Amino acid sequence: VVATNTEIFLRTMLHVLGERYDYCVSDVSERDCIVRNLSHALFLRPLAHSEAMKEGRSTPLLFTNSTGEKNESLVDEVLRDIATRQTARGGHAAEYHLKKEYNDRCTPFFSHYAKGMESKAHLRSRELKSHVGLPCLPPLCDRFRSLLALASCDMLHSTLVHWLSKAVNPNYDNWREHTIHQMVYLVGLISLEEECYIKGVGGRTPSDMSKSFMKMATESSNEKDMSVLQLLVKLQESTRSKDSRPLLQRVIEILTAFQRSQQPAEAEEAMTGVGDESSSTPTGVSPVQLEAADAEKKAQRKKRAAEQRAKTMGRMQQLQKSFLASSTSPTTMDS
């Protein structure tokens, strides 16, 4: 029940902060909305040209061209012809796939995805391996800009620290990998939004950010608790985050770059490792190196377990010998 409630809360936050392709929420065009819907439909599976046109016409817009003339050029923009497939009648039809440059614009947490479609999107992300799915979103309009205060409030930060602490705890196994992916994605979504405001992307200005989430995420509230950045680095070493490592690496890079920009020049050397010795992995580690490190750790644990079993068996043999020696002496005396 706790895990389910956590997933519902995280999904709600992702939709509130991440779904902006609406004319009332942000400054987007008809073209942006159609391309987004088409991209997410093609991200799941290849489509025939007629199916792609149907997806384009089904975009919930008030002024969508019913003839499909506008959609034709937009469909051809995001599609690429890969191969032909055999139809039920024995003919052949072209299959269209999503262009590679549009893959990173697609997120598994698209609001129009049903639960089964979201699972397919996660499987598709695993197939791509290097897929992050964390695009820079259009800025919020004046009416909804106050949502940024929700992203940087103390309560959300404390909640994320509490949940990530459980995620890195090997004795706590209630979190599913999907839930951990949602947590990391929410941290990345807020951090990327703040980075866009700092850099002035899309007409954003730094003054619109009332409070810095990344500043809270890179600093620990007390000596006992770890910061969000330290917890993410520790989570990167865990086997639970195997499929989320490209996203984890991207989020850690954003937070580390912000932390370096906030610290003086003499502290640059200290930024090569974040946190304690157990979380000193560099942020630029490739997935192949992480898999090799995991394999080495597993081999070491296996070796230590074998040594421990050998010691235990040796003690048991000694106890058996001493027991036999003490039990046979009265028998010999009676005989």
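Worth pointing out:
- Computed over neighbours whose Cβ is under 11 Å from that of Asp22, the net charge equals -1, Lys and Arg +1, Asp and Glu -1.
- Fully extended contour minus Cα-Cα distance, from Arg126 to Ser322, at 0.36 nm per residue: 64.9 nm
- For a straight C-alpha distance cut-off of 29 angstrom, the lysines reachable from Lys199 (same-chain residues fewer than eight places away being disregarded) are Lys99, Lys100, Lys129, Lys211, Lys215, Lys234.
- Local charge for Glu177 was computed over the other residues whose Cβ lies under 12 Å away, with Lys and Arg +1 and Asp and Glu -1, and equals +2.
- Between Cys153 and Lys199, the simple spin-label model (points 7 angstrom out along Cα→Cβ) gives 2.9 nm.
Rule-based calculations on the coordinates, nothing more; no lab input. All values derive from a computational prediction rather than experimental measurement. Cβ sites come from the backbone with ideal geometry, for glycine too, and all protein chains shown count toward neighbours.
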